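Where a number appears in this text, it was derived from the coordinates with a stated rule and is not lab data. Note that the structure is predicted; figures quoted are calculated from it, not measured. Note that each Cβ is placed from the backbone with ideal geometry, even for glycine, and that neighbours are counted across all protein chains shown.
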Amino acid sequence: MGNFIVLVPVMTLRELVAAKRNHDCILSLLVTTSDLTPPEKKEAEQFKVDYWYGGLNQFTIERLTEHFQLEEE
């Protein structure tokens, strides 16, 4: 069985941006085990959406935990 890459569609990012605006959030973070498409990477930069992609490792999980702990304070 061959390996394949699944790309996240631009619609996913647009839904996150809309939710961010609807709830008056200043931060947003898209975490995916897939990669982003080039148009989605461009929109993420334009709308200031942080994203982590690829396999989650322990370091990434720790950063994610710290990110959400900072938001709660």
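Summary of computed values
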read-out	value
Gain in span if fully extended, V31 to Y53, counting 0.36 nm per residue against the direct Cα distance	7.3 nm
Mean Cβ neighbour count within 10 Å, used as a protection proxy, ranking 40-53, 12-25 highest first	40-53, 12-25
Phi-based couplings in Hz for region 27-40 (Karplus 6.51, -1.76, 1.60; Gly and Pro marked x)	10, 8, 9, 9, 10, 9, 8, 9, 9, 9, 6, x, x, 6
